[in-house]
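Engineer: Here's a structure for you.
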Amino acid sequence: MRHIAIIGSGPAGYYTAEAAQKHWGDDVKVDIFDMLPVPYGLIRTGVAPDHQSIKAVSRRYEQTALSDNVRFVGNVAVGEDVSIAELQSLYDAVVLATGAPNDKPAGIPGEGAENVFGSASFVGWYNGHPQFAKLAPDLSVGTAVVIGNGNVALDVARILAKTTAEFTGSDIVGHALHALEASHIDHVVILGRRGPHQIAMTPKELGELAHLSRGCPRVDPADLPPREDDALLEPGQRKSVDHLRSFAVIPEDFRCDKPVEIEFDFFASPLRIVEQDGRVRAVEVERTRLDEQGRAVGTGETYQIPCGLVVTCIGYKTSPIAGVPFEEAAGRFANHEGRIVPGLYCVGWARRGPSGTIGTNRPDGFGVIERIAEDIGSGGGKQGRPGFDALAQARKLDVVTFRDWKKIEEAEAGRAREGAPREKFTDVAEMIAARETP
Ligand SMILES: Cc1cc2nc3c(=O)[nH]c(=O)nc-3n(C[C@H](O)[C@H](O)[C@H](O)COP(=O)(O)OP(=O)(O)OC[C@H]3O[C@@H](n4cnc5c(N)ncnc54)[C@H](O)[C@@H]3O)c2cc1C
């Protein structure tokens, strides 16, 4: 029997468990740890609340979770409640699937001003992550600047522009819905250092902007490269650029008959956050151009975008864990094809950094199981579950099981707004109390 501990119950964690089952069948036992009492990582707290069809991938993880040889060990923070060294002494392999939960800093002065947030916290706020539920961003301001040219920036811009009716069927948490209902934001600027051909935005997400009941997207035609250059793009990227072309209107001719203008400001590099009395008042920006290598270089021309809210969507970093080699620049664990050292591995965003879609984590999981199989061979045989259970008991850890999670899930469904799949608990104590629901 092999005993595997997976730290993190997001996509990478569950795909790795699925791969272990496929590889060893009944000859493996997998414990999936999570610091939260609820599973699925960014499927719950990252993927946009109005994209329920994407969140439905968790049903697939549930099949894995309900198998006899896989169990969920929730409410246990590895590195705090139990150390990596302890898990390594108990399990034949320990796999870090801890994601990349920390915002990469923009590295510009004024970043710490009030009402400037990284996307991990802002997205965590509207998605009910217990760490960020109390964020309380001030939405009584006119203009919001969203820094970044990926799908997370689009998620944030779209959420800021949507009406209450457009959130029907979503699981946006009540506190965020109420704040958005009272929002005064009528202008969202999406800032990108490079141009339309360099975006990391996918066609579906861009296309949604055209159908918002309150929002008009706008691109300055002067920012668009000659149309014939689109032929050089990958098909998906070309579709995205087609959407941007369909949003093109010269600024003087722009008439938005809806209350929220969503402006794409390309070739614009943020220089600093301008603050007054500790609060953001503007973003100072330098116009850029592309050099021969496609890098953004400053032109020396600067301007300010007056605004009252800034959300940076420029990438994430993994949290280091004591004793585990870390690549600071890349913000992930140091590894070779998922192996940190024999016995200790990483997958998903903790291995690759924050890139790819949910599905990209699946081959990662299968790859790491191959590494583990190479290292364990026909060996294995550490204590596994009984060893951890003894440690948890001695340490009085309040472990949340998958059965407990199903109770929490039921309680969340039971208190949902009309038409919504759930109203999430946003507090760990509330989640834990909900498992007692009869
Ligand atoms: C805002 C946002 C929107 C996205 N939208 C989409 C989308 O629409 N479509 C798509 O395909 N992809 C989307 N993605 C990408 C997708 O969410 C990721 O590819 C995927 O979640 C990465 O999986 P992971 O398992 O590596 O990490 P995560 O999903 O982050 O899971 C990590 C888990 O580890 C746990 N953990 C962390 N540290 C510890 C510890 N010390 N002890 C115990 N547990 C710990 C966390 O609580 C978490 O549950 C989005 C990402 C973001 C940020």
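The values are calculated or read from the model by the stated rules, or taken from the named source; none is laboratory data. As the structure is a computational prediction, the values presented were derived from the model and not from experiment. Note that we place each Cβ from the backbone using ideal geometry, even for glycine, and neighbour counts take in every protein chain shown.
Each row is one residue, and each column tells you yes or no for (1) surrounded by 18 or more Cβ atoms within 10 Å (Cβ to Cβ); (2) in a loop (DSSP other than H, G, I, E, B); (3) touching a residue at least 12 places away in the same chain (Cβ under 8 Å).
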| residue | (1), (2), (3) |
| --- | --- |
| 355 | no, yes, no |
| 365 | yes, no, yes |
| 368 | yes, no, yes |
| 374 | no, no, no |
| 380 | yes, yes, yes |
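Engineer: Give the residue, chosen from 3, 23, that is of a type outside the set (S, T, N, Q), touching a residue at least 60 places away in the same chain (Cβ under 8 Å) and part of a strand (DSSP E or B).
Structural biologist: On the way: 23 fails: part of a strand (DSSP E or B).
Sole residue among the options that is of a type outside the set (S, T, N, Q), touching a residue at least 60 places away in the same chain (Cβ under 8 Å) and part of a strand (DSSP E or B): 3.
Engineer: From the list 183, 170, which one is under 26 Å from residue 421 (Cβ atoms) and in contact with a Pro (Cβ under 7 Å, 6 or more places away or on another chain)? Walk me through it before giving the result.
Structural biologist: Details: 183 fails: in contact with a Pro (Cβ under 7 Å, 6 or more places away or on another chain).
Among 183, 170, only 170 is under 26 Å from residue 421 (Cβ atoms) and in contact with a Pro (Cβ under 7 Å, 6 or more places away or on another chain).
Engineer: While we're on this one: What number of residues in the stretch 227-268 are at pLDDT below 90, outside any loop (DSSP other than H, G, I, E, B) and more than 21 Å from residue 145 (Cβ to Cβ)?
Structural biologist: Number of matching residues: 2.
Engineer: Kindly provide the set of residues from the stretch 143-166 that are within 16 Å of the ligand (Cβ to nearest atom) and either of a type outside the set (A, V, I, L, M) or not assigned by TED's automatic domain parsing to the domain that holds residue 122 (or both), ordered by number.
Structural biologist: 148, 149, 150, 151, 155, 158, 162 - these are the residues of the stretch 143-166 that are within 16 Å of the ligand (Cβ to nearest atom) and either of a type outside the set (A, V, I, L, M) or not assigned by TED's automatic domain parsing to the domain that holds residue 122 (or both).
Engineer: Do you know which residues across the stretch 383-427 are of a type in the set (A, V, I, L, M, F, W, C) and either free of Cβ contacts under 8 Å to residues at least 40 places away in the same chain or under 20 Å from residue 124 (Cα atoms) (or both)? Can you show your working first?
Structural biologist: Applying the first criterion (of a type in the set (A, V, I, L, M, F, W, C)) to the stretch 383-427 yields 388, 390-392, 394, 397, 399-400, 402, 405, 408, 411, 413, 416, 420, 425.
Within the stretch 383-427, 390, 394, 405, 408, 411, 413, 416, 420, 425 meet the criteria.
Engineer: Between 284, 252, 263, which is in the same structural domain as residue 212 (by TED's automatic domain parsing), among the acidic types (Asp, Glu) and in contact with a Phe, Trp or Tyr (Cβ under 8 Å, 6 or more places away or on another chain)?
Structural biologist: On the way: 252 fails: in contact with a Phe, Trp or Tyr (Cβ under 8 Å, 6 or more places away or on another chain); 263 fails: in contact with a Phe, Trp or Tyr (Cβ under 8 Å, 6 or more places away or on another chain).
Sole residue among the options that is in the same structural domain as residue 212 (by TED's automatic domain parsing), among the acidic types (Asp, Glu) and in contact with a Phe, Trp or Tyr (Cβ under 8 Å, 6 or more places away or on another chain): 284.
Engineer: Continuing with the same structure: Could you check, for the stretch 27-46, whether at least one of its residues is of a type in the set (Ser, Thr, Tyr) and surrounded by fewer than 19 Cβ atoms within 10 Å (Cβ to Cβ)? If you could, list the steps in order and put the result at the bottom.
Structural biologist: Keep residues of the stretch 27-46 that are of a type in the set (Ser, Thr, Tyr), which gives 40, 45.
Adding the requirement that they be surrounded by fewer than 19 Cβ atoms within 10 Å (Cβ to Cβ) leaves none.
No, the stretch 27-46 has no match at all.
Engineer: Next up: Among the acidic types (Asp, Glu), touching a residue at least 24 places away in the same chain (Cβ under 8 Å), farther than 30 Å from residue 98 by Cα and in contact with a Lys or Arg (Cβ under 6 Å, 6 or more places away or on another chain), is that true of residue 263? Spell out how you get there, then give the answer.
Structural biologist: Details: among the acidic types (Asp, Glu): yes; touching a residue at least 24 places away in the same chain (Cβ under 8 Å): yes; farther than 30 Å from residue 98 by Cα: yes; in contact with a Lys or Arg (Cβ under 6 Å, 6 or more places away or on another chain): yes.
Criteria met by residue 263.
Engineer: Just checking, does the stretch 366-379 include any residue being farther than 26 Å from residue 66 by Cβ, of a type in the set (Ser, Thr, Tyr) and within 16 Å of the ligand (Cβ to nearest atom)? Reasoning before the result, please.
Structural biologist: Let us first name the residues in the stretch 366-379 that are farther than 26 Å from residue 66 by Cβ, namely 371, 374-375, 377-379.
In the following step, the residues that additionally are of a type in the set (Ser, Thr, Tyr) were identified as 378.
When the remaining residues are screened for being within 16 Å of the ligand (Cβ to nearest atom), the result is none.
Checking the stretch 366-379: not a single residue is farther than 26 Å from residue 66 by Cβ, of a type in the set (Ser, Thr, Tyr) and within 16 Å of the ligand (Cβ to nearest atom).
Engineer: With respect to residue 75, is the statement that it is assigned by TED's automatic domain parsing to the domain that holds residue 208 and at pLDDT 95 or above true? Spell out how you get there, then give the answer.
Structural biologist: Values: assigned by TED's automatic domain parsing to the domain that holds residue 208: no; at pLDDT 95 or above: yes.
In short, no.
Engineer: Let me ask something else. How many residues, within the stretch 26-62, are among the polar types (S, T, N, Q) and touching a residue at least 40 places away in the same chain (Cβ under 8 Å)? Break it down stepwise before answering.
Structural biologist: Here is the first cut: in the stretch 26-62, the residues among the polar types (S, T, N, Q) are 45, 52-53, 58.
Filter again for touching a residue at least 40 places away in the same chain (Cβ under 8 Å), leaving 45, 52.
Selection size over the stretch 26-62: 2.
Engineer: Here's a follow-up. Would it be correct to say that residue 218 is buried (at least 17 other Cβ atoms within 10 Å of the Cβ) and more than 25 Å from residue 417 (Cα to Cα)? Show your work before the answer.
Structural biologist: Values: buried (at least 17 other Cβ atoms within 10 Å of the Cβ): yes; more than 25 Å from residue 417 (Cα to Cα): yes.
Yes.
Engineer: Let me ask something additional. Name, by its number, the condition in (1) among the aliphatic types (A, V, I, L, M); (2) touching a Phe, Trp or Tyr at 6+ places or on another chain (Cβ under 6 Å); (3) surrounded by fewer than 22 Cβ atoms within 10 Å (Cβ to Cβ) that does not hold for residue 180.
Structural biologist: All conditions pass for residue 180, except number (2).
Engineer: Only one of 38, 47, 28, 57 is in contact with a strand residue (DSSP E or B) (Cβ under 8 Å, 6 or more places away or on another chain) and near the ligand (Cβ under 9 Å from one of its atoms). Can you tell me which?
Structural biologist: Details: 47 fails: in contact with a strand residue (DSSP E or B) (Cβ under 8 Å, 6 or more places away or on another chain); 28 fails: near the ligand (Cβ under 9 Å from one of its atoms); 57 fails: in contact with a strand residue (DSSP E or B) (Cβ under 8 Å, 6 or more places away or on another chain).
Only one candidate qualifies: 38.
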